[in-house]
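The next block holds one structure in the form of structure tokens; read it before the comments.
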Amino acid sequence: MAMLQRRILKSTLEEAKARFNFNWYPILSPCASFSTLPSSSTTATAHDHVPPHLPPFDYQPKPYNGPSADEILAKRKRFLGPSLFYYYQKPLNIVEGKMQYLYDESGRRYLDAFAGIVTVSCGHCHPEILNAIVEQSKLLQHATTIYLHHAIADFAEALASKMPGNLKVVYFVNSGSEANELAMLMARLYTGSLGMISLRNAYHGGSSSTIGLTALNTWKYPIPEGEIHHVMNPDPFRGVFGSDATRYAKEVQDHIEYGTSGKVAGFIAETIQGVGGAVELAPGYLKQVYDIVRKAGGVCIADEVQTGFGRTGSHYWGFETQGVIPDIVTMAKGIGNGLPLGAVVTTPEIASVMAQKIQFNTFGGNPVCSAGGLAVLRVIDKEKRQAHCADVGSHLIGRLRSLQDKHDIIGDVRGRGLMVGIELVTDRKEKTPAKAETAILFEKMRELGVLVGKGGLHGNVFRIKPPMCFSKDDADFLVDALDYAMSKL
């Protein structure tokens, strides 16, 4: 009977393959349960049978009297695009957030370990950021840059002060896709070349231009991509050269020599790939590649949309972990703690090429977003969130690596600070993606009160990237929940 149950479950899971690899989840057959699945754990302990509990939190959510999850889903299906996806078999109706926690329509609290896809940096509804947004909204919401306003200038000054070298000119936009699109435009205008280089497994946006830079088939429509070259990903876990940065860098050199005119416009990379599954580039890779690209006439772009603002703990910017200074830096997400805000920071020399025509962004740097963004920078400094990420992240990664010793399904634990990936495999030697098991664990974690993200081409990587107020108690609860869920596989 147990064998039959496993066959039924396997068949059901295969039918539930994800449209985006990580957004549709299997419906368990009536006779299947977590206890009937093959075990990935070595020896279960008494502790494994006791579900962990959320750490105490002194906050009472407001009563919710709005439409139900079913009503919202029906309206969403009717009026919003079919490309939108949602997490979980029964999608959550999240109605309130406070710091690192979210609340559903029933008032149930969840630990948010994904931060609105790595966007809520300081915490949901952080009082100081909320106050800055509300107070500015009372005075002036919008005027554009055709008039003077202190908020955008103050914010640009504060942001430039965080940048190394001569990265002192700021352009404000509304999203990471916009930021990367503008950076690519700058690179092409400044160099006079068209060819852009990005890494396989990268995600740099979903607009018609940045979709070319993105190198994950789940996010790419079959449209012309322009002059885009995707080079080998320096992935220490899955890459063919392991952590050998020099061999990966040589492949970039070969690609320029054999696949281009010898001149390129630019190279763009995330230091830790986000959507791709929290993959940190091989140590020393960017320093070698930046030299190669600059010799080929190109500029170097760091995509800090997910790694910026102290999240890695060891550094304020992800690119600093590789000991480089880019020519252009793009950022979004955590810069606004949930506001639609992005930015591009570059040198005065590169910025000058934009003056040959009119460059304008209606909403970029509007007073409300600028006031909120400046408050984010101040809160990160005031609350010492970078050091906090280093401390809590080290604790979290240490505990996860101990868990890896217990559960064979954990193939890799990687990342820095509070940007962590857990890659699940069915075979450590072959590194076979544990797609079905990941989907099951994903649902179980929600049942236990933990909301994580998923990533990687096969959707088999848990992305742990919570608000940066996430505590050691939260980390312990997350690991205990994961241990409990895996012990029930």
Of 193-203, 376-386, ordering from highest average Cβ density within 10 Å down gives 193-203, 376-386
Alpha-carbon centroid distance for the pair segment 72-102 / segment 446-489, whole angstrom: 19 Å
What residues have an amide H closer than 5 Å to that of Val299, excluding those fewer than 5 places away on the same chain, when H is modeled at 1.01 Å from N in the peptide plane? Gly266, Phe267
Computed over segment 428-470, the distribution of all Cα-Cα distances in 5 Å bins, rounded to whole %, is 5, 20, 26, 23, 14, 7, 3, 0
Please report the antiparallel percentage of the DSSP beta bridges confined to the chain, to the nearest 5. 65 percent
For segment 104-146, state which trypsin sites (Lys or Arg not before Pro) are in a DSSP loop and have at most 10 other beta carbons lying within 10 Å of their beta carbon. none
Let's see if you can work this out: charge +1 on each Lys and Arg Cβ, -1 on each Asp and Glu Cβ, no other charges. What is the dipole magnitude of segment 359-401 about its Cα centre, in debye to the nearest 20? 180 debye
Run the helix sum for the chain: -39,500 (n - 2.57) per DSSP H stretch of 4+ residues, divided by residue count, reported at 222 nm to the nearest 500 deg cm²/dmol. -11000 deg cm²/dmol
In whole µm²/s, the translational diffusion coefficient that Stokes-Einstein assigns to the chain, given a Kirkwood hydrodynamic radius over C-alpha pairs, 25 °C and 0.890 mPa s, equals 104 µm²/s
Might you work out the accessible area of Cys369 for me, using a 1.4 Å probe with all protein chains in place, and round it to the nearest 10 Å²? 10 Å²
Give me the lysines in straight-line cross-link reach of Lys295: C-alpha distance below 29 Å, same-chain residues under 8 apart excluded. Lys162, Lys168, Lys250, Lys263, Lys287, Lys357
Here the net charge surrounding Ser243, from other residues whose Cβ is less than 11 Å away from its Cβ (Lys, Arg +1; Asp, Glu -1), is -2
Calculate one ³J(HN,Hα) per residue across segment 77-84 by plugging θ = phi - 60° into the Karplus curve 6.51 cos²θ - 1.76 cosθ + 1.60, and present them in order as whole Hz with x for glycine and proline. 5, 7, 10, 10, x, x, 6, 5
Find the Cα radius of gyration of segment 385-489, compare it with 2.2 N^0.38 Å by division, and give the number to two decimals. 1.00
Segment 293-398, accessible surface, carbon-and-sulfur percent (1.4 angstrom probe): 55 percent
For segment 334-372 versus segment 238-316, the gap between their alpha-carbon centres in whole angstrom: 24 Å
Taking the highest mean first, how do the peptides 346-353, 86-93 order by number of other beta carbon atoms within 10 angstrom per residue? 346-353, 86-93
Efficiency by 1/(1 + (r/R0)^6): what FRET value for Ala153 and Ser208, r their Cβ-Cβ distance, R0 = 30 Å, to the nearest 0.05? 0.40
Once you keep just the Cα pairs under 8 angstrom separated by 6 or more residues, what percentage relative contact order results for segment 37-179? 14 percent
Please list Trp219, Trp317 from largest to smallest accessible area, probe radius 1.4 Å, with all protein chains kept in place. Trp219, Trp317
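The values are calculated or read from the model by the stated rules, or taken from the named source; none is laboratory data. Computed from a predicted model, the values in this text were never measured in an experiment. Positions of Cβ are generated from backbone atoms using ideal geometry, with glycine treated the same way; all protein chains shown enter the neighbour counts. What goes into the accessible areas is simple: the full protein's heavy atoms, side chains included, and nothing from ligands, DNA or RNA. Shrake-Rupley method; radii C 1.70, N 1.55, O 1.52, S 1.80 Å.
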